[in-house]
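First the structure, in the form of C-alpha cells, and then the observations on it.
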Amino acid sequence: FGNPDLFWEHAGHIQVNGGFTDPGGFSIESSFFGKQVIDAVGNEVAQEEAQGTAGLGGLANVGEVRGYGAEFLIRQRKADFPLSGFLAYTISRAERKEREGEDWRLFTFDQTHVLTAVATYKWTTRFSTGFRYRYASANPETPILGSIFDARTGTYIPIPGAPFSDRPPAFWQVDVRADYKILRPGWRLQLYLDLQNATNRQNIEGVSYNTDYTEQEYTYGLPLIPSFGIKGVF
C-alpha cells in the first residue's frame, strides 16, 4: 500500500511583521506571509490516464503547493477604558499543483477571507456585555455535474466538475455574553449568560447527494445554544 520510496517534502517560508501601540492601549499590527512547498506528494499520473493500467497513478513527490496572504489586527486593551476588544482580518490564497505541467488549483482548505470582531463594554465595575462576530469563506468543493448509470452494478457514478471550483455559502456567526460580578472581601462570584449563534444562523458544514446525484442536501451546524454559569474566584 502506498509508495515506500516517498521522501520528505520541502518548504520555504517568509513573513514580514510590523505595527505600533500608543500609550492608550490602542495598537495596529500587520503581517505579510508566503509559503512554497516543493516535492509535495501528488499523483504521478492523472486518474483518467491511469484507469485500466496497472502500476500507474501512484503517489510520488511530484506536486507543488503555495500559499500567500496578509493579516491585519486592530486592538484596544487598556484596562481602565470601558471598551476593549479587537478586529482581525486575514486575506489569503492557497493553491496546489498535482504534478508538473498541470494548472494550479485551489487547495482543499483554502479560505480567502477570515474576519473576527470581539468587543466587551464595562458598564460598571460589576456588569459588562460583549459580542463576537466571525466570518469565513467556505472551503472549496468539487461540484457534481451529473451521473452515469452503471448497469453492471446498478449504481450511479458521479461526474465531477473542475476540482475545487465551487464553494458553499460563507460561514458567519454572532455570539453575545453578559457578565455580572458580586464582589466580596477576598472573593467574588461571577454570573454569566452566553448565547452562541445568537441569530440561529444555519451554517453549512457538509453536502450529500441522492442516489443518482440529481439532488443535494446540506448538513448544518449547531443552532442557537444558550448557557448560564456561575464561577467563584477566591
(request) Being open to solvent by 70 Å² or more (accessible area, probe 1.4 Å) and assigned to a loop (DSSP other than H, G, I, E, B) is the filter here, so list the residues in the stretch 114-146 that pass it. (result) W123, T124, T125, R126
(request) Could you please let me know if V41 is of a type outside the set (D, E), assigned to a strand (DSSP E or B), open to solvent by less than 80 Å² (accessible area, probe 1.4 Å) and modelled with pLDDT under 90? (result) yes
(request) Please work out if S208 is over 22 Å from W123 (Cα atoms) and either in contact (Cβ under 8 Å) with a residue 24 or more places away in the chain or surrounded by 14 or more Cβ atoms within 10 Å (Cβ to Cβ) (or both). (result) no
(message) Restricting to the stretch 75-108, give me the number of residues that are open to solvent by 50 Å² or more (accessible area, probe 1.4 Å) and among the acidic types (D, E).
(response) 4
(message) Against the conditions (1) farther than 30 Å from R96 by Cβ; (2) modelled with pLDDT under 90; (3) open to solvent by less than 80 Å² (accessible area, probe 1.4 Å), where does P163 fall short? Just the number, please.
(response) (1)
(request) Among the residues of the stretch 211-230, write down those that are among the hydroxyl-bearing types (S, T, Y) and either in contact (Cβ under 8 Å) with a residue 60 or more places away in the chain or assigned to a strand (DSSP E or B) (or both). (result) Y213, T214, Y218, T219, Y220, S227
(message) Cβ contacts < 6 Å: first residue more than 15 Å from G63 (Cα to Cα) and in a strand (DSSP E or B), restricted to the stretch 1-16; second residue open to solvent by 90 Å² or more (accessible area, probe 1.4 Å) and of a type in the set (K, R), any location; separation 6+ or different chain. Result?
(response) H13/K35
(request) Please determine, by comparing only the residues of the stretch 172-219 that are under 26 Å from the mean Cα position of the chain (by Cα) and of a type in the set (A, V, I, L, M), which one is nearest to T129 (Cα to Cα). (result) V176
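Give the residues of the stretch 166-197 that are open to solvent by 40 Å² or more (accessible area, probe 1.4 Å) and outside any strand (DSSP E or B), sorted by residue number. Step through it out loud before you land on a result.
Residues of the stretch 166-197 open to solvent by 40 Å² or more (accessible area, probe 1.4 Å): 166-167, 169, 171-172, 176-177, 180-189, 191-193, 195-196.
Those that are open to solvent by 40 Å² or more (accessible area, probe 1.4 Å) and outside any strand (DSSP E or B): R167, P169, P185, G186.
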(request) Run P169 past the list (1) within 16 Å of the chain's Cα centre (by Cα); (2) within 20 Å of L73 (Cα to Cα) and report the number of the one that doesn't hold. (result) (2)
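The values are calculated or read from the model by the stated rules, or taken from the named source; none is laboratory data. Since we're looking at a predicted model, the values are computed, not measured. Cβ atoms come from the backbone with ideal geometry, glycine included; neighbour counts cover every protein chain shown. These accessible areas exclude ligands, DNA and RNA; they are computed on the full protein's heavy atoms, side chains included. Shrake-Rupley method; radii C 1.70, N 1.55, O 1.52, S 1.80 Å.
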